[in-house]
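Visitor: Starting off with a structure, shown below.
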């Protein structure tokens with residue numbers, strides 16, 4: 001089950017199979033239409049889902065990692081930090097502070 005209409009998988013081959021095209025063709029189409037690689041697109045969508053989950057739920061990192069198809073909370077923390085420059089904990093703390101100030 002995928003929450004918030006998020007991504008059902010993080011594997012490019014999943015989307016290629018779903019569309020009935022090769023992984024190479026999918027990569028070419030995504031690159032031509034978005035100037036991003038398939039993995040960059042997947043990572044962007046994963047980050048959006050992660051930020052929604054961190055900002056609107058009190059789910060544990062292990063649960064969020066599982067819903068994002070990441071192997072562990074430590075993999076999630078590394079992924080999030082690499083993509084955003086901050087840890088999920090810091091993002092959640094700042095997000096709650098912004099909500100409290102509104």
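Each reported figure results from applying straightforward, stated rules to the coordinates on display, with no laboratory input. The shown structure was predicted, so the numbers you read here are calculated from the model rather than taken from an experiment.
Visitor: Round to the nearest 10 and give me the degree value, 0 to 90, for the angle of helix 38-56's Cα axis relative to the longest principal axis of the chain.
Guide: The angle comes out at about 20 degrees.
Visitor: Continuing with this model, one more query. Tell me the angle of helix 23-34 to the major Cα principal axis of the chain, expressed in degrees between 0 and 90 and rounded to the nearest ten.
Guide: 60
Visitor: So what is the relative contact order of the chain, in percent, for Cα pairs below 8 Å that sit 6 or more residues apart?
Guide: Working: 77 pairs, mean separation 24.1, N = 102.
Worked out over the chain, it gives 24 percent.
Visitor: Can I ask one more? Measure nothing fancy, just the Cα-based angle from helix 73-84's long axis to the longest principal axis of the chain, in degrees from 0 to 90, nearest 10.
Guide: Value to nearest ten degrees: 80.
Visitor: Here is a follow-up. If the elastic network links every pair of Cα atoms under 10 Å, which of 34, 67, 56 fluctuates the most in the Gaussian network model of the chain?
Guide: 34
Visitor: How compact is the chain by the rule of thumb for globular proteins, expressed as Cα Rg over 2.2 N^0.38 Å?
Guide: Ratio of Cα Rg to 2.2 N^0.38 Å: 1.18.
Visitor: Moving to a separate point now. By how many nm would the segment from residue 36 to residue 74 grow when fully extended, if each residue of separation counts as 0.36 nm and the alpha-carbon distance is taken off? Intermediate results must be reported in sequence, preceding the final value.
Guide: Details: separation 38, 0.36 × 38 = 13.68 nm, distance 2.60 nm.
Contour length minus Cα-Cα distance gives 11.1 nm.
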